[in-house]
Amino acid sequence: MKLVEGFIESIAFGGDGILKHDNKVIFVPFSAPNEVVKANIIQDKSSFAKANLLQVIGWSSPAGSSWRAG
């Protein structure tokens, strides 16, 4: 089980959130843009991966303000 934590940049065609980690696109369903999430990679390919959403840790806005769950 490989865990990743990161920022959901946008939504892909089909509705999954896009998280970029180690030069790879990771598709995370049930996530939204600007969320900071923890996810579990379930399928790892050479150029992309798919993950299950484990936790929404917080959010970050393009203006730089942020919120993290405590």
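When the stretch 25-60 is filtered for residues that are more than 18 Å from residue 15 (Cα to Cα) and among the aliphatic types (A, V, I, L, M), only 57 remains. Of all residue pairs spaced 6 or more apart or on separate chains, those with beta-carbon atoms under 8 Å, a first member in the stretch 49-60 that is more than 17 Å from residue 33 (Cβ to Cβ) and a second member that is of a type in the set (S, T, N, Q) are 49/43; 50/43; 52/40; 54/40. The single condition among (1) part of a loop (DSSP other than H, G, I, E, B); (2) modelled with pLDDT of 95 or more; (3) more than 16 Å from residue 5 (Cβ to Cβ) that residue 64 does not meet is (2).
How many residues are closer than 14 Å to residue 41 by Cβ, surrounded by 16 or more Cβ atoms within 10 Å (Cβ to Cβ) and either within 8 Å of the chain's Cα centre (by Cα) or small (Gly, Ala, Ser) (or both) if we restrict to the stretch 5-16? Give the steps one after another, and end with the answer.
Within the stretch 5-16, the subset closer than 14 Å to residue 41 by Cβ is 5-6, 16.
Now narrow it down to the ones that are surrounded by 16 or more Cβ atoms within 10 Å (Cβ to Cβ): 6, 16.
Checking which are either within 8 Å of the chain's Cα centre (by Cα) or small (Gly, Ala, Ser) (or both) leaves us with 6.
Of the residues in the stretch 5-16, 1 are closer than 14 Å to residue 41 by Cβ, surrounded by 16 or more Cβ atoms within 10 Å (Cβ to Cβ) and either within 8 Å of the chain's Cα centre (by Cα) or small (Gly, Ala, Ser) (or both).
The values are calculated or read from the model by the stated rules, or taken from the named source; none is laboratory data. Treat the numbers as computed from the prediction; the structure is a model and nothing was measured. Glycine gets a Cβ as well: all are built from the backbone with ideal geometry, and neighbour counts include every protein chain shown.
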